[in-house]
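The values are calculated or read from the model by the stated rules, or taken from the named source; none is laboratory data. Quantities reported herein were computed from a predicted structural model and do not represent experimental measurements. Don't worry about glycine lacking a Cβ; one is built from the backbone with ideal geometry, like all the others, and counts go over all protein chains shown. Only protein heavy atoms, including side chains, enter the accessible area calculation; ligands, DNA and RNA are left aside. Shrake-Rupley method; radii C 1.70, N 1.55, O 1.52, S 1.80 Å.
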Amino acid sequence: MAETRRPTDEASTPFDFRGYRVVVCGGSKGIGRSIALAFAGAGAAVSVCARGEAALDETRHAIAAFGVTAHTRRCDLADAASIESYVHEAADVLGGIDVLVNNASGYGFSDDDEGWAAGFNIDLMAAVRASRHALPWLRKSSQGSILHTSSIAAFHPGVRGPAYAAVKAALSQYTTSQALQLAEHRIRVNAIAPGSIEFPDGLWDRRKTEAPELYQRTLAKIPFGRFGKPEEIAHAALFLASPFASWITGQTLCVDGGQLLTG
């Protein structure tokens, strides 16, 4: 491992990603932002897309502060044409793609057509489309890797958010099939399944005040006694994209403080 050269606002990292080109779809806040900054802090050139212009601008400046190439673009990840245009522009600016991170979510929790469509179009199809368009560059990389953000909801039935859970389960299944499909190109494909993650203005931060009973019930089910932090997901992403995970593909790694163990 390379020595840590400078701390990020998330945490110092022992990984060395100098020379890597990383594209993060859905990376202006929360988990995606932490992943983008973690890669930048480890020396990678990073491109991020999202819908919020102000958050993107702030994230671009935070990435550039590490002295690496920083690129951002507003992109509607529910729109196929927007994804294609973004991925091609990101590859052009970065000079290629070594790591693709599909992190966007439509948070389709409602059990109606709108909820199902949000999850299908953003959580699943955005990952499929971004992967498709990034593939020509990933094939040229000696360290090609794709990371999807799934969820522990994919592994456990629940009365809340059946659409969200089903789509995340589909994404984890896609991870295995995609890994097999791309193995001949030595492109590794893995997913991370976060547990309940809390960050300012995130889902669980809002539920702390909007639905305090749900917040406390969820907290009580986490053996570590606290919600997760975005940077803890970012650290798992760094490992899975690094040469230290060179023999790992087709896996979904749960990062949840033991939350899934309690059902």
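Kindly list the number of the only condition in (1) part of a helix (DSSP H, G or I); (2) under 21 Å from Val87 (Cα atoms); (3) open to solvent by 60 Å² or more (accessible area, probe 1.4 Å) that fails for Lys208.
It is condition (2) that Lys208 fails.
For the subset of segment 2-26 comprising residues that are of a type in the set (Gly, Ala, Ser) and at pLDDT 95 or above, which member is least open to solvent (accessible area, probe 1.4 Å)?
Applying the first criterion (of a type in the set (Gly, Ala, Ser)) to segment 2-26 yields 2, 11-12, 19, 26.
Checking which are at pLDDT 95 or above leaves us with 19, 26.
Numbers: Gly19: 65, Gly26: 16 Å².
The qualifying residue least open to solvent (accessible area, probe 1.4 Å) is Gly26.
Every residue in segment 120-176 that is in contact with a Lys or Arg (Cβ under 7 Å, 6 or more places away or on another chain) and among the hydrophobic types (A, V, I, L, M, F, W, C), please.
Ala153, Ala154
Among residues belonging to segment 239-254 that are of a type in the set (A, V, I, L, M) and open to solvent by 10 Å² or more (accessible area, probe 1.4 Å), point out the one that is farthest from Ser142 (Cα to Cα).
Leu253
When segment 135-157 is examined, which residues are found to be part of a loop (DSSP other than H, G, I, E, B), closer than 30 Å to Phe227 by Cα and open to solvent by 50 Å² or more (accessible area, probe 1.4 Å)?
Matches in segment 135-157: His156, Pro157.
Select from segment 154-174 the residues that are touching a residue at least 24 places away in the same chain (Cβ under 8 Å), farther than 22 Å from Leu100 by Cβ and of a type in the set (Gly, Ala, Ser) and list them in ascending order.
The answer is Gly161, Ala163, Ala166.
Name every residue in segment 175-224 that is free of Cβ contacts under 8 Å to residues at least 24 places away in the same chain and more than 21 Å from Gly158 (Cβ to Cβ), in order of residue number.
Ser177, Gln181, Glu184, Pro200, Thr209
So how many residues does segment 220-238 have that are over 20 Å from Cys25 (Cβ atoms) and open to solvent by 40 Å² or more (accessible area, probe 1.4 Å)?
Number satisfying all stated conditions: 8.
Across segment 168-201, what is the number of residues that are open to solvent by 10 Å² or more (accessible area, probe 1.4 Å) and β-branched (Val, Ile, Thr)?
The total comes to 2.
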